[in-house]
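**Student:** Sharing a structure with you now.
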Amino acid sequence: MRFIKLILISAVILSLLVTGISLLFPSTVIASRAIEVNASSDKIAYFTSDLNHWKEWMSDWKENKVRLDNNTAYIGTQTVQFLSKTHHSVQYQWVATGQSPYLVQFEWTLLKDSAYVIHWSFEQKVKWYPWEKFQTLLNDKVLGSKMELELQNLQAALNNKTLP
């Protein structure tokens, strides 16, 4: 009986400790990457603002079947939905099964002549649950390397494509 009581008290204390530590983590996590490109604003908007053109630079879209329906793309268990567009930015909501939705944003800023910086960010808001907070620790590692690869693909597409 004493042993069971010790196990229960230890489990409660450990749970409270893990929850307390997770509360120190932020509830909003942003993974972002940027790249400098030599392209026009119209060309950047062409590739980032229309989900039909993502297949020209997103490797997952080249390798998997993507179904487009209005302003929403369905790829495997993920959904990407167009939200809004301005002259120098575009926003999407990216939902992966079992995760809180991401606010995805592309912004391009003029540096000089036709040189732009494209900034791509994934913003996720999570609840206080410890497993959600600890999962966000992996976001930058998992998303970051994939974002760098896709931005290089975007840069190659921008360099190779002439707009219709």
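**Student:** Please give the number of the condition K141 fails out of (1) surrounded by 14 or more Cβ atoms within 10 Å (Cβ to Cβ); (2) assigned to a helix (DSSP H, G or I).
**Tutor:** Looking at each condition in turn, K141 falls short on (1).
**Student:** Residues K127, K85: which one is of a type in the set (K, R) and farther than 15 Å from F47 by Cβ?
**Tutor:** K127
**Student:** Name the single residue that is farthest from the chain's Cα centre (by Cα) among those in region 38-97 being over 13 Å from A157 (Cβ atoms) and among the charged types (D, E, K, R).
**Tutor:** Step by step, filter region 38-97, then rank; the result is D42.
**Student:** Could you tell me whether any residue of region 101-112 is among the hydroxyl-bearing types (S, T, Y) and either more than 24 Å from Q152 (Cα to Cα) or touching a residue at least 60 places away in the same chain (Cβ under 8 Å) (or both)?
**Tutor:** The answer is no; no qualifying residue exists.
**Student:** What do you reckon, is Y116 crowded, with 17+ Cβ neighbours inside 10 Å, on the phi < 0 side of the Ramachandran plot and not polar (S, T, N, Q)?
**Tutor:** Yes; evaluated as a whole, the condition is true for this residue.
**Student:** Taking the options S49, S84, S59, name whichever one is of a type in the set (S, T, Y), in contact (Cβ under 8 Å) with a residue 40 or more places away in the chain and farther than 19 Å from V142 by Cβ.
**Tutor:** S49
**Student:** If you don't mind, there's one more thing I want to ask. Consider I21 carefully, then state whether it is more than 22 Å from K127 (Cα to Cα) and β-branched (V, I, T).
**Tutor:** no
**Student:** Among (1) touching a helix residue (DSSP H, G or I) at 6+ places or on another chain (Cβ under 7 Å); (2) more than 30 Å from L24 (Cβ to Cβ), there is one condition R67 misses while meeting the rest; what is its number?
**Tutor:** (1)
Residues checked against (1) modelled with pLDDT of 95 or more; (2) surrounded by fewer than 16 Cβ atoms within 10 Å (Cβ to Cβ); (3) in a strand (DSSP E or B):
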| residue | (1), (2), (3) |
| --- | --- |
| W61 | no, no, no |
| R67 | no, yes, yes |
| V80 | no, no, yes |
| Q91 | yes, no, yes |
| W94 | no, no, yes |
| F106 | yes, no, yes |
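**Student:** Is it true that Q135 is part of a strand (DSSP E or B) and surrounded by 15 or more Cβ atoms within 10 Å (Cβ to Cβ)?
**Tutor:** no
The values are calculated or read from the model by the stated rules, or taken from the named source; none is laboratory data. Being a predicted model, the structure only gives us computed values, none of them experimental. When we count neighbours, we look across all protein chains shown, and the Cβ atoms used for this are built from the backbone with ideal geometry, even at glycine.
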